[in-house]
Amino acid sequence: MTASHSVVVVGGGISGLVCAYALRRAGFDAVLLESSDRPGGVIRSERREGYLFEHGPQSFTATGPLLGVIREIGLEEQIVRGDPHAARFVLVQGALERAPLSPPAFFASSLFGWGTKLSVLRDLFGRSHPPAEDESIAQFIRRRFSAELLEKLVGPFVSGVYAGDPERLSLRSAFPQLHAAELAKGSLIRGMLSAAKEKKGPRERPTLLSFREGNEMLPRALAERLGDALRLKTEVTRIAKNDSSATRRFSLEVTRGGHSETLSCERLVVATPPDTAGRLLADLDPDFATQLGAIEFAAVAVVSLGYEKQHIAGDVNGFGFLVPRSAGLRILGTVWNSSLFPGRAPEGQVLMTSFLGGATDPGIASLSAAALADLAHRELAPLLQIRQQPVFSHVRVYPRALPQYNLGHSARLARLEKLRAAFPGLWFAGNYWNGPAVGACSEFGLETAAAILAGAAAPAAAEQHV
Ligand SMILES: Cc1cc2nc3c(=O)[nH]c(=O)nc-3n(C[C@H](O)[C@H](O)[C@H](O)COP(=O)(O)OP(=O)(O)OC[C@H]3O[C@@H](n4cnc5c(N)ncnc54)[C@H](O)[C@@H]3O)c2cc1C
């Protein structure tokens with residue numbers, strides 16, 4: 001007999017976990033199917049040789065809805081917060097310079113010439129309109145500010161968030177709040193200030209968070225709440241539509257422990273990476289595969305290195321540093337983990353994690369772990385005056401790390417929405433919809449759950465499932 005569920009969520013990364021959690025909290029019979037043997041997707045923490053390191057995200061920004069979930073699942077006590085004022089550096093002509101993150105620091109900084117400083121004043125007091133067509137981040141910064149701002153600050157920042165190419169990333173898709181600010185006020189700065197004023201709640205500088213035992217505590221705690229509703233080592237291989245039944249609209253072919261089975265459900269949330277989502281949904285409409293498969297990803301290698309503190313003469317206090325592409329390094333940026341959070345390295349040692357590659361350097365994914373560790377050390381050593389080899393290293397390569405919200409992304413999502421509308425009960429979650437950050441994925445997962453709940457009759461037994 002085919003098992004039937006009210007909702008099936010496919011993909012147990014943070015997007016699917018949060019969505020399934022919210023559905024079960026509301027009393028829904030939701031199950032979450034995850035192909036691997038652990039929940040969390042790219043969020044993974046490991047403790048080894050006294051180091052606590054992250055395979056994927058190093059920290060995340062606390063957005064309100066995610067903090068709400070963290071409180072509900074009893075994880076608040078485990079939060080560790082980075083210093084909101086921790087210094088961030090950019091590499092300029094071979095030296096690390098402190099990035100100016102406030103208006104007074106910006107105008108006082110020797111990083112920028114008067115042309116760039118005047119362009120900021122022109123934005124503040126002038127008026128402009130964004131072009132009707134999709135504009136890249138690079139085009140926007142050159143139009144409103146200067147090539148220097150793009151090169152020294154915005155480009156490295158974009159690498160830090162998307163590992164992306166500012167010449168190809170779409171402003172309105174990757175940073176919609178910036179596009180909206182210019183549209184609303186004719187000025188980026190006035191628009192951002194006005195949006196900040198309208199925001200409810202206390203105004204705090206966003207803090208970077210993790211947990212005492214690393215970021216993976218979050219997916220593990222969600223998985224615990226889901227209990228048997230989370231099925232690991234369960235891969236969905238095909239999705240079909242059942243035309244005959246409204247309560248079993250979708251049927252899923254699933255392999256688990258070498259066995260195949262079929263599940264049916266009334267509502268389906270696809271929370272896998274987009275290429276997989278496209279393949280799974282191709283039988284419903286081949287255009288799903290075309291649209292989802294066309295979303296580009298950047299390759300990233302994550303290299304965590306541990307050093308004896310006494311062998312580092314440079315300053316490694318703060319958040320870390322970003323590298324403009326013109327510097328000719330393959331490191332995009334480095335996080336000083338043991339400066340940011342407690343307990344990341346043994347006494348007297350330092351842990352730092354570098355991201356290499358990105359959208360403009362896809363070849364990074366073909367290097368071996370040993371070559372990557374060596375490359376990262378060779379690039380770090382002169383910048384931080386490191387005199388000895390690392391005493392610890394861990395390398396993780398993601399050929400498809402982060403989705404690229406490139407030009408045309410919003411049109412593609414609109415097309416996907418149209419396709420989705422033809423299949424009532426079909427929903428999406430994932431890092432290519434609302435932003436790739438952990439907070440943004442969680443928010444979108446919660447929104448998807450809320451939309452399902454809003455469109456569905458309350459479950460017969462409003463039994464608490466989590
Ligand atoms: C190297 C790296 C660094 C990052 N740094 C940061 C950071 O510092 N801060 C931040 O906020 N964000 C960061 N991010 C982004 C953020 O971590 C991710 O965007 C987010 O975690 C993605 O979650 P997800 O659930 O959408 O996707 P994923 O984590 O990719 O989860 C998708 C899940 O679907 C499962 N799956 C796939 N196919 C099937 C199938 N057929 N059947 C069942 N299950 C399937 C997979 O096994 C996986 O578990 C980083 C990401 C990476 C890769």
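Every number here is computed from the coordinates shown, using simple stated rules; none is lab data. Note that this is a predicted model, so its numbers are computed, not measured. Here the Cβ is made from the backbone with ideal geometry for all residues, glycine too, and neighbour counts use every protein chain on show.
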Original post:
Between V161 and R38, what is the label-to-label distance in nm when each label sits 7 Å out along the Cα-to-Cβ direction?
Top reply: 2.9
Original post:
Among all lysine pairs in the stretch 169-249 that are eight or more places apart or on different chains, how many have alpha carbons less than 29 angstrom apart?
Top reply: 4
**OP:** Using amide H atoms built 1.01 Å from N in the peptide plane, name the residues 5+ places from V391, or on other chains, whose amide H lies under 5 Å from its own.
**Re:** G306, Y307, E308
Original post:
For the pair A180 and S244, how long in nm is the line joining their label points, each one 7 Å along Cα→Cβ?
Top reply: 4.7
Subject >> Bridge type composition, the chain - antiparallel percent by DSSP, nearest 5 >> reply: 75
**OP:** Once you have the Cα-Cα distance between S4 and R143, take 0.36 nm times their residue separation minus that, and quote the gain in nm to one decimal.
**Re:** 44.6 nm
**OP:** Provide the gained length on full extension for the span E133 to L121, in nm with one decimal, where the gain is 0.36 nm per separating residue minus the Cα-Cα distance.
**Re:** 1.8 nm
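As a test of the formula, what do you get for the chain when each DSSP H run with n ≥ 4 contributes -39,500 (n - 2.57) and the sum is divided by the residue count, at 222 nm and rounded to the nearest 500 deg cm²/dmol?
Rounded to the nearest 500, the figure is -10000 deg cm²/dmol.
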Original post:
Using alpha carbon centroids, what distance separates the stretch 107-127 and the stretch 129-190, in Å?
Top reply: 16
Subject >> Sequence-distant lysines (8 or more away, or on other chains) whose Cα lies within less than 18 Å of K117 >> reply: K152
Original post:
Which value in nm describes the separation of the simple spin-label points at A86 and A196, placed 7 Å from the Cα toward the beta carbon?
Top reply: 2.1
Original post:
Which length gain, in nm to one decimal place, applies between A451 and A414 when the Cα-Cα distance is subtracted from 0.36 nm times their residue separation?
Top reply: 11.6 nm
Original post:
Which of the listed residues, I312, L150, Q388, is farthest toward the dipole's positive end in the chain, when Lys, Arg count +1 and Asp, Glu count -1 at the beta-carbon?
Top reply: L150
Subject >> Degrees between helix 438-455 axis and first principal axis of the chain (Cα, 0 to 90, nearest 10) >> reply: 30
Subject >> 5 angstrom amide H check on G27, placed H, neighbours 5+ away >> reply: H465
**OP:** Compute the Rg/Rh shape ratio of the chain: radius of gyration over Kirkwood radius, all on alpha-carbon atoms.
**Re:** 0.98
**OP:** Calculate the length of the line joining the C-alpha centroid of the stretch 245-270 to that of the stretch 355-403, in whole Å.
**Re:** 41
